[in-house]
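The values are calculated or read from the model by the stated rules, or taken from the named source; none is laboratory data. What you are looking at is a predicted structure, and each value in this text was computed from that prediction instead of being measured. Cβ coordinates were reconstructed from backbone atoms using ideal geometry, including for glycine residues, and neighbour counts include every protein chain displayed.
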Protein chains: 2
Amino acid sequence: MDIKHYLEQKRQDVDRFLESIMPAEDARPATLHKAMRYSLFAGGKRVRPILAIAACEAIRGTSPLILPLASTLELIHTYSLIHDDLPAMDNDDYRRGKLTNHKVFGEAMAILAGDALLTMAFDLASRLELVNGLDPRAQVQVIQELAAGSGNVGMVGGQVADIEAEGKDIDPATLERMHRWKTGKLIRASVRIGGIVGGATDRQLDHLTAYAEDIGLAFQIADDVLNIVGTREELGKDANTDASRGKKTYPTFFGVDGSRKLAEERIASAIAHLKDFDRKADPLRELARYITARKN
Amino acid sequence: MDIKHYLEQKRQDVDRFLESIMPAEDARPATLHKAMRYSLFAGGKRVRPILAIAACEAIRGTSPLILPLASTLELIHTYSLIHDDLPAMDNDDYRRGKLTNHKVFGEAMAILAGDALLTMAFDLASRLELVNGLDPRAQVQVIQELAAGSGNVGMVGGQVADIEAEGKDIDPATLERMHRWKTGKLIRASVRIGGIVGGATDRQLDHLTAYAEDIGLAFQIADDVLNIVGTREELGKDANTDASRGKKTYPTFFGVDGSRKLAEERIASAIAHLKDFDRKADPLRELARYITARKN
């Protein structure tokens, strides 16, 4: 299969759906909606929604039910980027080659745009009419995955651990735990949401979860490597920022080559977890490979 | 009925429930959980959860199903206070007589504690086992009310309108719209959630909604009046801050007495909307009266 084509198709599906449900720029309160849209439509790759879609397809093939629920993951991801970039947090000026949200709209609006995007994820996920045909019990489970993946022992907890680790002498185990929360839990939720909507058996959901945990870590290791070897142009933001902040990353402990090897081991393990799945899981397999090959 | 006793009982129920589900202070990530607990257990009156409980009781009498879902409203309310107090927003040093969250834990942690409390509301609301016995479709509707009440055309939208109105020459209609979003929508959601869990008919839900819209506005008008006539000791925060910020409030347009009269008219209207309800709705009626009588 042609993974680039697949990614492009699904990205367009997600963007079209998000465009269809986001309030227009002039809808009241206009500044808020402008700020939300600015970051949501800043050229994201939609990795998390696509993982959810691919996981759903791995079980039941193409289904219209997954697109709205998958898209909520991008709202959560976008909110987390806006808040991470704030002066009180990472204080970043650029993201995806554009000024960060607070640089354009100010800090107050950036905080509120993040809050509103997070809330909108749950708003969308709880609209009965958008996923008409899905068992409401499965819909509640999807919302539970979303919330658990992004909360105090998920993404937000990981961000706290990340802030607290800055400049400290942490060990690789602490680094892995931090990443398992900060990026891993939402990626895990993405794949599980796809599985739940796809009607996975408990056993299938376990395999998908193991797959997700492996690619989540590989994704983060690849990100750490890119932060060092990527150019500003490729990344759309400053390169090599981790080192200048005294941040411990995978390359700190294992070097660039050692980290790449670690990521590849995880990818192989992820794909092995899919051995009982048929060809409908090929996009998931290709997505895993794509993670370590990407340039941004 | 003794509304003071009722409020105290229900407040204790909510506090006990929140205590039972909140991670301990030393549970990882400890700083985050400390920050979340600091504001959540800072002596809030639990008005929104109590409104949900009272609305549920108005329909079906006492039910164990409502407490977990009602309590999520306090998580959302607390997050909104933490973010509102931030330096980039209202820049408040005190709240309920205690230092604000960012004053104790720093800005980054306050932003994240707010994010985590908001997310935890949806985490709790989507746990199937906590509300075992509730139709999952009703559970999805509750989550929809929570999200719609607190999002871009709810509480967050109202906060944006509030910020944008500061120092501007707005008219009473703009002021009312701002409040309808900023505090009204979450109060509306609180009452509707109670109704939904209580199994209200469409007609009953309409009456409850009309009641909620009236008390939501009365609540805000009373708050504006308290900001002027309340003492620092009663309020637990600085008094008369609206005027010093050039904020237009109800007393700006209608004076203190005129505003009190407006609030009382709303309360009377709220109670009139409950005319088809029996004595099980007495707590809702008394709650409405309590709103204009309170001192903080």
Just a yes or no: is a residue in segment A:8-25 away from every other protein chain (no Cβ under 14 Å), closer than 28 Å to A:ILE291 by Cβ, in contact with a Lys or Arg (Cβ under 6 Å, 6 or more places away or on another chain) and not β-branched (Val, Ile, Thr)? yes
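Take B:GLU107 and decide whether it is surrounded by fewer than 24 Cβ atoms within 10 Å (Cβ to Cβ), within 8 Å of chain A (Cβ to nearest Cβ) and out of contact with any Cys (no Cβ under 7 Å at 6 or more places or on another chain). Full working, then the answer.
Details: surrounded by fewer than 24 Cβ atoms within 10 Å (Cβ to Cβ): yes; within 8 Å of chain A (Cβ to nearest Cβ): yes; out of contact with any Cys (no Cβ under 7 Å at 6 or more places or on another chain): yes.
Yes, satisfied.
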With the requirement that a residue be touching a residue at least 24 places away in the same chain (Cβ under 8 Å), touching an Asp or Glu at 6+ places or on another chain (Cβ under 7 Å) and of a type in the set (A, V, I, L, M, F, W, C), what does segment A:157-195 give you? A:ALA189, A:ILE193
Return only the number of the condition from (1) under 18 Å from the mean Cα position of the chain (by Cα); (2) surrounded by fewer than 24 Cβ atoms within 10 Å (Cβ to Cβ); (3) in contact (Cβ under 8 Å) with a residue 60 or more places away in the chain that B:ASP85 does not satisfy. (3)
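Yes or no: segment A:29-41 includes at least one residue that is among the basic types (Lys, Arg) and within 19 Å of B:ALA147 (Cα to Cα). It would help to see each step written out before you state the result.
So in segment A:29-41, the residues among the basic types (Lys, Arg) come out as A:34, A:37.
Adding the requirement that they be within 19 Å of B:ALA147 (Cα to Cα) leaves A:37.
Yes - at least one qualifying residue is present in segment A:29-41.
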The condition of being exposed (fewer than 14 other Cβ atoms within 10 Å of the Cβ) and in contact (Cβ under 8 Å) with a residue 24 or more places away in the chain holds, among A:ASP276, A:ASP257, A:ASP282, only for A:ASP276
Could you grab the pairs with beta carbons closer than 8 Å, sequence gap of 6+ or different chains, first residue in segment B:143-156 and more than 8 Å from chain A (Cβ to nearest Cβ), second one surrounded by fewer than 24 Cβ atoms within 10 Å (Cβ to Cβ) and of a type in the set (Lys, Arg)? B:MET155/B:LYS182
Boolean, A:VAL131 is away from chain B (no Cβ under 13 Å), of a type in the set (A, V, I, L, M, F, W, C) and either touching a residue at least 24 places away in the same chain (Cβ under 8 Å) or farther than 27 Å from A:ALA270 by Cα (or both): no
Which one of these does A:LYS168 not meet: (1) farther than 18 Å from A:ASP223 by Cβ; (2) within 11 Å of chain B (Cβ to nearest Cβ); (3) basic (Lys, Arg)? (2)
Those residues of segment A:22-38 that are crowded, with 16+ Cβ neighbours inside 10 Å and in contact with a helix residue (DSSP H, G or I) (Cβ under 7 Å, 6 or more places away or on another chain) come to a total of 8
Across segment B:25-49, what is the number of residues that are on the phi > 0 side of the Ramachandran plot and modelled with pLDDT under 95? 1
How do the pairs read when you match residues in segment B:35-59 that are within 14 Å of chain A (Cβ to nearest Cβ) and closer than 18 Å to B:ALA200 by Cα with residues anywhere that are modelled with pLDDT of 95 or more and in a loop (DSSP other than H, G, I, E, B), using Cβ under 7 Å and keeping only pairs 6 or more apart or on different chains? none
Restricting segment A:182-196 to residues that are within 14 Å of chain B (Cβ to nearest Cβ) and surrounded by 24 or more Cβ atoms within 10 Å (Cβ to Cβ), the residue that is nearest to A:GLU213 (Cα to Cα): A:LYS185
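From the list B:THR100, B:THR119, exactly one residue is of a type in the set (Val, Ile, Thr), in contact with a helix residue (DSSP H, G or I) (Cβ under 7 Å, 6 or more places away or on another chain) and under 20 Å from A:GLN159 (Cβ atoms). Which is it?
Details: B:THR100 fails: under 20 Å from A:GLN159 (Cβ atoms).
When all the criteria are applied, what remains is B:THR119.
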